[in-house]
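Below is one structure, written out as structure tokens; the observations come after it.
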Amino acid sequence: MARRGENIFRRKDGRWEARVFEHRENGNKIYRSLYGKSYTEVKAKKEEYYGTVYQVATPAAKKLATFAHLAECWLSAVRGTVKESSYTRYYRNVHSYLVPAIGKYAISGIDSALVGCMKDEMLSHGGKRGKGLSEKTVSDIFSTLKMILLHASEQGYSAMNIAFIHSPRRKKKELTIIPKDKLELLEEALLNSDENICLGILLALHTGIRNGELCGLRWEDFNFRSSTVQIRRTVERITDLAPLSKSKTKVIISEPKTDTSRRDIPLPRALCRYLKEHCKEGGNYLLTGTDKPSEPHTLYIRYERFLKRNGFGQYTFHALRHTFATRGIESGFDTKSLSEILGHSDVTTTLRCYVHPSMEQKRKQMENMFGTKIRGQKYGL
């Protein structure tokens with residue numbers, strides 16, 4: 001059974017077949033079939049074919065090349081050079097959104113007006129059951145579009161300047177951090193529970209660790225002598241591109257998202273002692289206590305159940321990370337250290353997205369700056 005948009009399928013005689021095409025100078029499409037004994041073999045042949053066609057196309061053929069053709073070539077070029085999770089996201093953006101919308105157009109015919117119409121269409125009813133896609137999803141699709149057009153331009157194709165492609169403005173969500181009074185109650189509830197999930201929540205609260213990184217933590221990642229934990233892997237669920245897979249998704253364990261995400265985090269000594277008391281066998285995962293990891297979605301569900309069971313409001317798991325960052329700044333953390341602990345590549349991300357000073361903190365800073373002096377006069381407040 002062929003996976004949608006891939007044009008690879010199993011024949012009745014047991015062989016695998018991939019359908020490919022290229023543009024000729026007279027404007028015609030030439031279709032060909034590639035054969036192999038397995039999906040992997042024929043997939044490799046398809047990628048090699050498109051990689052060759054991409055490089056040797058004549059100037060006339062380049063003018064006629066469709067977006068669908070170049071998107072397929074680009075996917076073949078980047079496969080193996082990016083993380084599996086990134087590739088599956090690119091693949092989904094190409095085959096689920098971009099090719100259905102503009103795949104038939106010549107790459108030279110894609111302009112700002114066409115892209116603008118596509119953006120409006122996606123935002124209004126581009127999702128399931130005619131519902132609009134979110135600004136975040138459309139922004140991600142447009143990021144993939146820009147990469148394809150830029151790569152095509154570098155290969156000599158007449159592609160539009162990506163500077164004229166404007167992603168939708170993402171609405172800034174008001175993310176609620178956990179107030180100090182509830183923070184103390186939450187910590188107390190976590191310490192009074194013997195669930196593995198509570199160890200994870202407690203750790204996230206004191207380190208700002210990402211959910212996928214938390215799912216990937218094993219006990220062997222903790223160094224109780226130096227009071228540190230090392231972040232070396234992350235767990236995530238991605239689309240399964242295998243053609244015979246019974247499931248649409250799969251869980252993978254991979255390296256952290258960036259080089260700066262691969263880091264060692266110092267732990268408060270009190271927290272380190274508490275974790276050491278609950279330490280299990282080194283190879284086991286922190287959240288499950290077994291040799292199999294939990295996944296982010298399961299972590300979300302267990303976290304929400306814990307909050308509801310203990311009478312806390314609705315705080316997203318990501319709010320723990322934001323709360324840690326905000327409390328860090330309020331307690332005097334220098335921005336560079338905080339940024340490295342969070343695994344950010346630069347401090348701008350930390351300050352722009354993760355720090356939410358409270359009115360209490362703003363008032364405190366104003367008082368520290370001005371005190372009770374106004375134009376040389378003192379007021380007894």
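Could you tell me which of 293, 68, 215 has its Cα farthest along the dipole of the chain towards the positive end, charges placed at Cβ (Lys, Arg +1; Asp, Glu -1), taken about the Cα centre?
68
May I ask which residue of 310, 272, 36 lies farthest towards the positive end of the charge dipole of the chain, with charges of +1 (Lys, Arg) and -1 (Asp, Glu) on Cβ and the Cα centre as origin?
About the Cα centre, the residue reaching furthest to the positive side is 36.
As I understand it, the value is the acute angle between the Cα axis of helix 359-370 and the longest principal axis of the Cα atoms of the chain; what does it come to in degrees, rounded to 10?
Roughly 70 degrees, rounded to the nearest 10.
Test of understanding: ordering 366, 118, 147, 359 by Cβ neighbours within 10 Å, fewest first, what list do you get?
Ordered by Cβ neighbours within 10 Å, fewest first: 359, 366, 147, 118.
Assign unit charges at the C-beta atoms only (+1 for Lys and Arg, -1 for Asp and Glu), then state the dipole size of the chain relative to its Cα centre in Debye, rounded to the nearest 20.
840
The list (1) 43; (2) 22; (3) 27 gives values of percent of Cα pairs over 35 Å apart, and only one came from this structure; which label was calculated from it?
(1)
Taking 7 Å along the Cα-to-C-beta vector as the label spot, tell me the residue 273-residue 147 distance in nanometres, rounded to one decimal.
4.8
I want to check the label-to-label distance for residue 175 and residue 318. Put each point 7 Å from Cα in the C-beta direction and report it in nm to one decimal.
Using points 7 Å along Cα→Cβ, the separation is 0.6 nm.
Explain nothing, just compute: Karplus ³J(HN,Hα) = 6.51 cos²θ - 1.76 cosθ + 1.60, θ = phi - 60°, for every residue of region 135-146 in order, whole Hz, x for Gly and Pro.
Coupling constants for region 135-146: 4, 5, 5, 5, 4, 5, 4, 5, 5, 5, 4, 4 Hz.
So for the chain, taking the charge dipole from beta-carbon charges (+1 Lys/Arg, -1 Asp/Glu), which of 332, 204, 164 sits furthest toward the positive end?
164
Got a sec? Which residues in region 265-290 would a label at residue 253 touch, if it sits 7 Å along Cα→Cβ and we count backbone N under 15 Å?
Counting backbone N atoms under 15 Å from the label point, the list is 281-290.
For a quick size check, give me the Cα extents of region 180-364 along its three principal axes, largest first, whole Å.
Cα spread of region 180-364 along its principal axes, largest to smallest: 60, 37, 36 Å.
With each run of n ≥ 4 DSSP H residues scored as -39500 (n - 2.57), what mean residue ellipticity at 222 nm is computed for the chain after dividing by its residue count and rounding to the nearest 500 deg cm²/dmol?
Taken over the chain, the calculation gives -13500 deg cm²/dmol.
Take every Cα-Cα pair in region 220-262 and report what % of them are more than 18 Å apart.
49
Since every read-out is calculated from the coordinates, none of them should be taken as a lab result. These numbers were taken from a predicted model, which means no experiment stands behind them. Here Cβ is always computed from backbone atoms with ideal geometry, including for glycine, and neighbour counts include all displayed protein chains.
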